[in-house]
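The values are calculated or read from the model by the stated rules, or taken from the named source; none is laboratory data. None of the values given here were measured: they were computed from a predicted structure. For neighbour counting, all protein chains shown are included, and Cβ atoms are generated from backbone atoms with ideal geometry for every residue, glycine included.
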Amino acid sequence: MPAGFDPTSIARKSYPVEETIPLVVIGAGPAGVAAAVEAARLGMRVMLVDEHPVASALMGIDVPWMFGERMSAAVQNQGRMLEQIVAARPDLQAAFDAGVDVRLGVYAWSAFVEGPTSKALPGPMLGLADETRAWFVGFERMIVAAGARDLGLAFQGWDKPGVMGARGFGGAVGLYGAFTGRRIVVLGAGAAGRAVVAQAQAAGIEVTGVVDVAARGAQFTVPVHAGYRITGVLGAEVEGIAIARPDGSGAITLACDTIVLAVDVVPTVEMFDLLGCATIFDGARGGWVPVTNGVRCSRPGIYAAGDCAGISDATLADPAIAIASGIAAARAAAADAGLSVTEDSLAPLTGPDRDPWRRDWLTAHATSADLPICRCEEVPLEDLVGVRPPRYLAYDAEKFANRDLRTLAADGPVNQDQIKRLTRAGMGACQGRRCREQVQSLLAMQGNQATGSVPMPSYRAPLRPLPLSVLAAFEESPEVKENWTAWFGIAAQWTPHWEPVPEGLTYETRWNPGVEE
Amino acid sequence: MTYHVAVIGGGATGLSTAFWLRHEAKVRVTVIEKGIVGWEASGRNGGGATHAVSPLFAEEQRLWPLMDELLGYPTEYQRQRVRIGLSRRQLDLILEGVTIARRQGFTAHELDNKSLRELVPFVSETAAGGVLLEYGGHANPQRTLQAYAWAVQDLGGDIRQHTTVTGFDLAGGKITGVKTDQGTIGCDAVVIAAGPHLAQLGAQLGLRIPVAAARAEMVVTEPLPLIRFGGADGNGVYGRQTLRGNLAYGGGAHEWIDLPDAKTPKPVNSPVMQSVAKRVFELFPKVAHARVIRSWAGVIENTPDGRPILDRLTGPDNLIVASMSSVGFGLSPASGRALMQLATKGACDFANLSQLKLSRFDTLPPDWQQDAGWVPWSAQETAA
């Protein structure tokens, strides 16, 4: 029996894709380049997409990494930065040579795939954008090699210019060659901190010291202050950092112009969430990671390679592990595409549970009510814990006296998305990059529950903040334009509901579609 | 206090009903919610409170300015709206809606381009004009939903989250209990305000409640300087500037979906979100640089005529069925009060609900959803 047709629904509307690609690789770090090169070598047509160089405006809001306003004006010259990045990633040459369609300075801002609430798509679609326009490509398979991003952890003064993250520092010094600092203090004496110190020393940047709340920090050639907490940051911009033992003793200041927060980094799992791939919290792999069978994600045709699949001290020290996983992902994708290849088996990542590092940091620093947690939305610790509305709203303090995270937890398991909407923590322009992990940890700590028992707050498109003008720069298909309505197209919904539905009233008679508005 | 009303659904309509049942009727109330209160479309929508076609309109307008005080928690309610027509035709369609409000005694002022841009400086010099409504408004859906829930609790109401209805106990033509996966809740009356899940729940009672579920989506930008009337929309998108300054707008093609069980799957976005952004860009070209930072989607239900069902049935005679047919948030202060009256008095004394009975669909053909095309559609299946 033929179904009727709802002209204002998504049915029969086309969203153009510029081309359909057998394999897309997201991220041109070691894993992504290795994956793209291997897949091309095996005969697949491959597009490799990487967002760098990103717009300097994004760097200014710590997207995708915490750049801490320590990037030179050179980053405003995107052409020059493109050359710089190609020079900083010599392995890209192999991708060019292998015939990979390499797209640098292109954001992968969305992926739309079939799911329980989305059946109408012609096939899997990837949203791409540069600084002027946004477009879609279709894809058959995708290797996500999106790397890791910075772990934001609060301390008094972490919202000042000059506080950056380990990935931001690595990008500023290595990828962009645009770091403006001269003297740094590194927070975190683990593998991420060690990598920062090594990179700084290789670049001739002075390292005044390394600070960690935990008693760790062997293998450093610079002074390590283990068992210290941050008591403040000197200057309106970073001029130094004040530290002390938890009991207040041993207070000293370390001079620096930049503080690099390198307690840890976090696998970048946003694309997996958009794709509907299952994720789990695994402290030993750095937090939320995709559920995988080898390199295969829970959704067929999606593969995870490199840091976004999970980190360990070994992966932070040795890019060979990421490269191997990239090659394995390429071979798996090729095999699934019907090519005759031998698949690699990868050794699982091993290492200590990294979750306690976050908790220890927050236990040491979440001691004052005014500690800034969400910087974009200016949510201090007390407002998060008290589930208070944002400061621009007037509210009855007496009513809220009996409301906090614990009373909310008594009504049902705490969900970070609910906290976002109530307090606005994580709702800002950085898209929650600087606070989502620590909000999760704080919620778990308040409820005396495992960190992973707090559900992962959802990721939504666009995965990068894109201007309206960029998203608007595409050619819409005529059937989308002609049958556009703000809300369904049910004519009787728009006539008085105390009167019977008028005779003969239809979508066509009411809106007369096709007339140019 | 013995009379006990079970409200199924912790969305805008159900929570408001529970609030009024405690606040005004002062009866016992239990809200049964399968997930978290305000989690679905009730907590994520355009936030509009301007529904002149509804018999609840006057009550909606009367109540919204009182809600912060009544609930005790902020809703971010803001009065008035600006409707923008980029073309003469868009403006004419806006004026059709305004006429319906004017007939009910509400006022609105037409704006030429210059006065429009004074109120909404994001608009271009080429916009045909606009209308400033001296009625209507908008609020923050999530904050409002939590306010309802907290107010219900403060008034002694019981909210059971993460509780799924599995069936009903009937005796003597009445529902005597609501069966859930957490045990049976005895009751004297039941209000079903379960949005897209109404059809399934009705079927458990042998009733056909014709609603179809669809997914709709919105986008939100980074904060911008506040404009005088944040409830400014037009050009095929509805929405508002939040009090924080974000532009939150939605519209365009919806997607009809299947809901096979009591769960609501996570509603995803689609390429339609880019078309929404395109229309916001056209509406507000002066802030073309504003970055979209988020999008979201929600699942809503529609009845065949797009109008609510607000009805106390005769069999079972203590059952009240409530669907707002995809337009529930803004009307919720009034719909909840009407439903409170249906549950405790049997009739609503402040609004004409005569056209909103379930029985108007008695003669609907069994395949109405197919006939209307209100069913999932697949490009891939169509191609194959």
Q) Which of the residues belonging to segment A:22-80 are under 30 Å from A:Arg182 (Cβ atoms) and part of a strand (DSSP E or B)? A) A:Asp50, A:Met71
Q.
Go through segment B:284-304 and report how many residues are surrounded by fewer than 22 Cβ atoms within 10 Å (Cβ to Cβ) and acidic (Asp, Glu).
A. 0
Q. Quick one: B:Ser42 ticks every box in (1) in a helix (DSSP H, G or I); (2) of a type in the set (Gly, Ala, Ser); (3) modelled with pLDDT of 95 or more bar one, so which box is it?
A. (3)
Q: Identify all residues within segment A:409-462 that are among the aliphatic types (A, V, I, L, M), in a loop (DSSP other than H, G, I, E, B) and within 16 Å of the chain's Cα centre (by Cα); write none if there are none.
A: A:Ala425, A:Met427, A:Ala429, A:Met456, A:Ala461
Q) Which residue pairs have Cβ atoms under 6 Å apart, sit 6 or more places apart or on different chains, and have a first residue in segment B:118-145 that is away from every other protein chain (no Cβ under 11 Å) and a second that is assigned to a strand (DSSP E or B) and surrounded by fewer than 18 Cβ atoms within 10 Å (Cβ to Cβ)? A) B:Val131/B:Glu110; B:Leu132/B:His109; B:Gly137/B:Arg79
Q: Answer yes or no as to whether B:Ser325 is within 12 Å of chain A (Cβ to nearest Cβ), crowded, with 22+ Cβ neighbours inside 10 Å, in contact with a Pro (Cβ under 8 Å, 6 or more places away or on another chain) and under 22 Å from B:Gly157 (Cα atoms).
A: no
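Going through segment A:413-460 one residue at a time, which ones are of a type in the set (A, V, I, L, M, F, W, C) and under 22 Å from B:Asn140 (Cβ atoms)?
Scanning segment A:413-460 gives A:Val414, A:Ile419, A:Leu422, A:Ala425, A:Met427, A:Ala429, A:Cys430, A:Cys435, A:Val439, A:Leu443.
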Q: Among the numbered conditions (1) crowded, with 23+ Cβ neighbours inside 10 Å; (2) in contact (Cβ under 8 Å) with a residue 60 or more places away in the chain, tell me where B:Leu313 comes up short.
A: (1)
Q. Looking only at strands (runs of 3 or more DSSP E) that fall completely inside segment B:236-314, which ones have 2 or more residues that are at the interface with chain A (Cβ under 8 Å from one of its Cβ atoms)?
A. B:255-257, B:291-302
(Q) Only one of B:Ile227, B:Ile209 is at pLDDT 95 or above and in contact with a Leu (Cβ under 6 Å, 6 or more places away or on another chain). Can you tell me which? (A) B:Ile209
(Q) Please go through segment B:225-234 and give me each residue that is surrounded by fewer than 24 Cβ atoms within 10 Å (Cβ to Cβ) and in contact (Cβ under 8 Å) with a residue 24 or more places away in the chain, ordered by number. (A) B:Ile227, B:Arg228, B:Phe229
Q: Considering each of B:Val37, B:Val27 in turn, give the residue that is within 12 Å of another protein chain (Cβ to nearest Cβ) and among the aliphatic types (A, V, I, L, M).
A: B:Val37
Q: Return a yes/no flag: does segment A:463-471 have any residue that is crowded, with 21+ Cβ neighbours inside 10 Å, under 31 Å from the mean Cα position of the chain (by Cα), facing chain B (nearest Cβ under 7 Å) and part of a loop (DSSP other than H, G, I, E, B).
A: yes
Q | Any hit, segment B:47-67, residues being closer than 30 Å to A:Ala409 by Cβ and not in a loop (DSSP other than H, G, I, E, B) | A | yes
Q. Could you say whether any residue in segment A:431-445 is more than 27 Å from A:Pro64 (Cα to Cα), without any contact (Cβ under 8 Å) to a residue 60 or more places away in the chain and in contact with a Ser or Thr (Cβ under 9 Å, 6 or more places away or on another chain)?
A. no
Q: Determine which single condition A:Ala492 fails, assuming it passes every other condition in (1) over 22 Å from B:Arg88 (Cα atoms); (2) surrounded by 14 or more Cβ atoms within 10 Å (Cβ to Cβ); (3) more than 9 Å from chain B (Cβ to nearest Cβ).
A: (3)
(Q) Need pairs with beta-carbon distance below 9 Å; first residue hydrophobic (A, V, I, L, M, F, W, C) and within segment B:62-77, second at pLDDT 95 or above and in a loop (DSSP other than H, G, I, E, B); sequence gap 6+ or separate chains. (A) B:Trp64/B:Ala49; B:Trp64/B:Thr75; B:Trp64/B:Tyr77; B:Trp64/B:Ala139; B:Trp64/B:Gly330; B:Met67/B:Thr75; B:Met67/B:Tyr77; B:Met67/B:Ala139
